[in-house]
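Structure, as structure tokens:
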Amino acid sequence: MHTDTTTTTIPKATADDTKLWTTRNYILAALGGTLVVTAIIIIVSVVLGPAHISFYIVHASSTDPRASNDGTQYLNLTIAAANGSRKRAAVRYQSVFVDLKNSTSVTRRNTIHAPVYATTPPMNHYLPPGAEPASIKASALLLTRGENQDFIGRRVNVSGFNVVVTALVRFRIHGVPTRAYDIKVSCNHVFFPVEGPSSLRAPPINCTAY
């Protein structure tokens, strides 16, 4: 008796097929890795995104130049900085600069720096979310004669100055610090009445992005 034996031959992948399969897998793996990295970056950006900081002037006043023997006058400011995040972001103020601007000065000196002399909490301390706004005190020293008189003009009590606040801040979200952010705002038409009851009654002045 003769028995036919049929052998099934399975075609083997050619070198080109193997190369093509490997290339496709590399491409798919690369695309998958890119999508994962992108998703991680998006999540981290959302989680570590900065909170909104609102600046506003709560007090502005001046000393009476007539009470000074050398014709000096101080313009004093108290600025509040409120952290918009109520739950997740603590904020640390690394530096704050305050400038008074008067673009119409005939002497072309349109900016005077007002050094910051006190902050609450102290600089470089994290302020937890939900805490009271930070308080920043600054003061500019002016001479009420000479070119400073041109800078001052009638702006102390009549037309006001523009106050520019520049801050370098860093946030900490769920214990993770973010990079440093530059914030610059402008507070327009700020008047400096002589220290007294009138200066205490002035409403807060909101500042806007510069």
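Values quoted throughout were computed directly from the atomic coordinates according to the rules given, and no laboratory measurement underlies them. Quantities reported herein were computed from a predicted structural model and do not represent experimental measurements. Because the Cβ atoms are built from the backbone with ideal geometry, glycine has one as well, and the counts that use them run over all protein chains shown.
Here Phe161, Phe97 are placed in order of increasing Cβ neighbour count within 10 Å, fewest first, which gives Phe97, Phe161. Near Arg92: Cβ cut-off under 13 Å, other residues only, Lys/Arg at +1 and Asp/Glu at -1. The net charge is +3.
Can you give the extra length, in nm with one decimal, that the chain gains between Ala202 and Asn69 once fully stretched, where that is 0.36 nm per residue apart less the Cα-Cα distance?
45.0 nm
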